[in-house]
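Everything below concerns the one structure shown next.
Bear in mind these aren't lab numbers, they're just calculated from the coordinates by the rules spelled out. None of the values given here were measured: they were computed from a predicted structure. Cβ coordinates were reconstructed from backbone atoms using ideal geometry, including for glycine residues, and neighbour counts include every protein chain displayed.
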Amino acid sequence: MKNIALIGFMGAGKSTVAAAFQEKFGRTAIEMDEEIARREGKSIPDIFKEKGEDYFRELETAFLRELSGREGLVISCGGGVPLRPENVALLRKGGVVVWLAARPETILERTKGSDDRPLLRGKKDIGSISQLMDARREKYEAAADIRVWTDGKTGEEICREILGALDEAI
Ligand code: S3P
């Protein structure tokens, strides 16, 4: 069974959907940020602060190399994963790539209560989120096999939509 990689902006629903895939469809979910933080023994903000973003990006690529040798996973990628072509190649090698998209209003609503995303600090407003999203849209688009909107949907609904779309796309 191919891996399903979930990409998209912070707060697009990647973690929720990966968890729903595990709970409702018996797939093994991999939460990249969580696993990287566990291995480093540090939170994501602390890794950024103490080691810098480049170091974090290297950890992401190394982890993806490892995952590309496995099967049947649903991988909840950090929002910055598709920025590196090497990462995209690794995701596509063993699986399909699903872009979870949401409106800036939805992203703001979902992210405003937590402080665990260094790139959103001081940027929790529609203008800043839209700007960051615009800067990334092309990368997400180029990396993805399909796109699914998540606004107002439950994790399970999104899983079903993804499975239906993949059936047609591959
Ligand atoms: C990032 C997204 C975060 C996390 C880090 C950087 C990004 O993951 O990897 O804060 O560059 O978009 P989520 O998309 O799971 O919030």
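Listing 16, 150 from fewest to most neighbouring C-beta atoms within 10 Å gives 16, 150. Remark: region 55-68, residue by residue, has Karplus-estimated 3J(HN,Hα) of 4, 4, 5, 5, 4, 4, 5, 4, 5, 5, 4, 5, 5, 5 Hz, where x stands for each Gly or Pro and the curve is 6.51 cos²θ - 1.76 cosθ + 1.60 at θ = phi - 60°.
Extension gain, residue 66 to residue 119, is 16.5 nm, computed as 0.36 nm per intervening residue step minus the present C-alpha separation.
Taking the chain as a Gaussian network of alpha-carbon nodes connected by springs under 10 Å, the highest mean-square fluctuation of the residues 13, 152, 79 belongs to 152.
Can you grab the distance from the C-alpha centre of region 94-170 to the C-alpha centre of region 1-23, Å, no decimals? Answer, in whole Å: 10. Between residue 138 and residue 110, the distance separating the two model label sites (each 7 Å from Cα on the Cα→Cβ line) works out to 2.5 nm. Our coupling estimate for region 134-140, obtained by passing each phi through the Karplus curve with A = 6.51, B = -1.76, C = 1.60 and θ = phi - 60°, is 4, 5, 9, 3, 4, 5, 5 Hz, Gly and Pro reported as x. Size of region 102-170 from its Cα atoms: along the principal axes, largest to smallest, the extents are 41, 26, 18 Å. Here the residues 88, 17, ranked from fewest to most Cβ neighbours within 10 Å of their Cβ, fall in the order 88, 17. Using the Karplus relation 6.51 cos²θ - 1.76 cosθ + 1.60 with θ = phi - 60°, the per-residue 3J(HN,Hα) values for region 102-118 come to 8, 6, x, 4, 5, 4, 4, 4, 7, 9, 5, x, 10, 10, 9, 10, x Hz, with x marking Gly and Pro. Residues within the reach of a label modelled at residue 126 (point 7 angstrom out along Cα to beta-carbon, backbone nitrogen below 15 Å), restricted to region 96-111, are 103-110. The amide H of residue 147, built 1.01 Å from its N in the peptide plane, has 99 as neighbours under 5 Å, considering only residues 5 or more places off or on other chains.
What does the charge count around residue 164 come to, taking other residues whose C-beta lies under 15 Å from its C-beta (Lys +1, Arg +1, Asp -1, Glu -1)? Could you put the intermediate results ahead of the total?
On the way: positive: 24, 147, 153, 160; negative: 145, 156, 157, 161, 167, 168.
Summing Lys and Arg as +1 and Asp and Glu as -1 gives -2.
Taken over the Cα atoms of the chain, the convex hull encloses 109 Å³ per residue. Residues whose amide H falls under 5 Å from that of residue 75, counting only those 5 or more places apart or on a different chain, are 4, 5, 6, 30, with hydrogens built in the peptide plane. Per-residue ellipticity at 222 nm from helix content only, as computed over the chain with -39500 (n - 2.57) for each DSSP H run of at least four residues, stands at -17000 deg cm²/dmol.
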